[in-house]
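J.: What follows is a structure written as structure tokens; I'll ask about it next.
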Amino acid sequence: MTLDEIVSAYIRDYRRKALAEMRMFERQSKTSDAIRRAALCIFSDGKRHPHQRRIPRAVLERAETILQAAARSLSNAPDFAALHKLVKRRIGDIRGIGDLTVYDIAHRLGAYFGKAPELVYLHAGTQIGARALQA
């Protein structure tokens, strides 16, 4: 499969749902609500995002508590890279929270705060895929 085919498949199969997810985070009325939904990985239908389905709720609740306490710092992050770094520093050491969850939570919060990623962040399977494309 070529890179163009991969991009076309993503656009065809996933982009609409991903954009709807980000719009839901953009529309949160309060920062505390945005942090809660982002940290607990909750879709608008109340279900958990499949990326975080195996993480115990108590782990995500701990992440939420920590991020709620950092709300002012999160809202003051100048760009997505700074927001991502702050989220990683605050919750990245929690057992059960990996790089994908850190990124996903930062991405959701970035939608709320109007800070989109300017770079591509690779973790787990995406790193493997990127290496395969380079070969």
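The values are calculated or read from the model by the stated rules, or taken from the named source; none is laboratory data. For clarity, every value in this text was computed on a predicted model and none was experimentally measured. Cβ: placed from backbone, ideal geometry, glycine included. Neighbour counts: every protein chain shown.
J.: Scan the range 23-49 residue by residue and report those that are within 15 Å of the chain's Cα centre (by Cα), under 21 Å from GLY98 (Cβ atoms) and not small (Gly, Ala, Ser).
T.: PHE25, ILE35, ARG36, ARG37, LEU40, CYS41, ILE42, PHE43, ARG48, HIS49
J.: Could you look through the range 1-10, keep only residues that are loosely packed, with under 11 Cβ neighbours inside 10 Å and not hydroxyl-bearing (Ser, Thr, Tyr), and pick out the one that is farthest from the chain's Cα centre (by Cα)?
T.: Filtering first and then ranking leaves MET1.
J.: From THR2, THR31, which residue is touching a residue at least 24 places away in the same chain (Cβ under 8 Å) and more than 16 Å from ASP104 (Cβ to Cβ)?
T.: Testing whether each residue is touching a residue at least 24 places away in the same chain (Cβ under 8 Å) and more than 16 Å from ASP104 (Cβ to Cβ) leaves just THR31.
J.: Only one of ARG108, ARG90 is in contact (Cβ under 8 Å) with a residue 40 or more places away in the chain and surrounded by 15 or more Cβ atoms within 10 Å (Cβ to Cβ). Can you tell me which?
T.: ARG108
J.: Search the range 1-60 for residues being part of a loop (DSSP other than H, G, I, E, B) and either basic (Lys, Arg) or in contact with an Asp or Glu (Cβ under 6 Å, 6 or more places away or on another chain) (or both), and hand back the single one that is nearest to ARG95 (Cα to Cα).
T.: Looking at the filtered set, the residue picked out is ARG54.
J.: Right, something else. With GLN52, GLN68 as the choices, which residue is over 11 Å from the mean Cα position of the chain (by Cα) and either over 17 Å from GLU26 (Cβ atoms) or at pLDDT 95 or above (or both)?
T.: Result: GLN68 is the single residue among GLN52, GLN68 that is over 11 Å from the mean Cα position of the chain (by Cα) and either over 17 Å from GLU26 (Cβ atoms) or at pLDDT 95 or above (or both).
J.: Something else about it: Mind checking which residues of the range 81-131 are within 14 Å of the chain's Cα centre (by Cα), in a helix (DSSP H, G or I) and not aliphatic (A, V, I, L, M)?
T.: Listed by number, the residues that qualify are HIS84, LYS85, LYS88, ASP99, THR101, TYR103, ASP104, HIS107, ARG108, GLY110, TYR112, PHE113.
J.: Please state which of the following conditions ALA82 fails to meet, knowing it meets all the rest: (1) in contact (Cβ under 8 Å) with a residue 40 or more places away in the chain; (2) more than 22 Å from GLY125 (Cβ to Cβ).
T.: Among (1) in contact (Cβ under 8 Å) with a residue 40 or more places away in the chain; (2) more than 22 Å from GLY125 (Cβ to Cβ), the lone unmet condition for ALA82 is (1).
J.: Checking GLU26 against (1) without any contact (Cβ under 8 Å) to a residue 40 or more places away in the chain; (2) within 17 Å of ALA111 (Cβ to Cβ), only one condition comes out false. Which one?
T.: All conditions pass for GLU26, except number (1).
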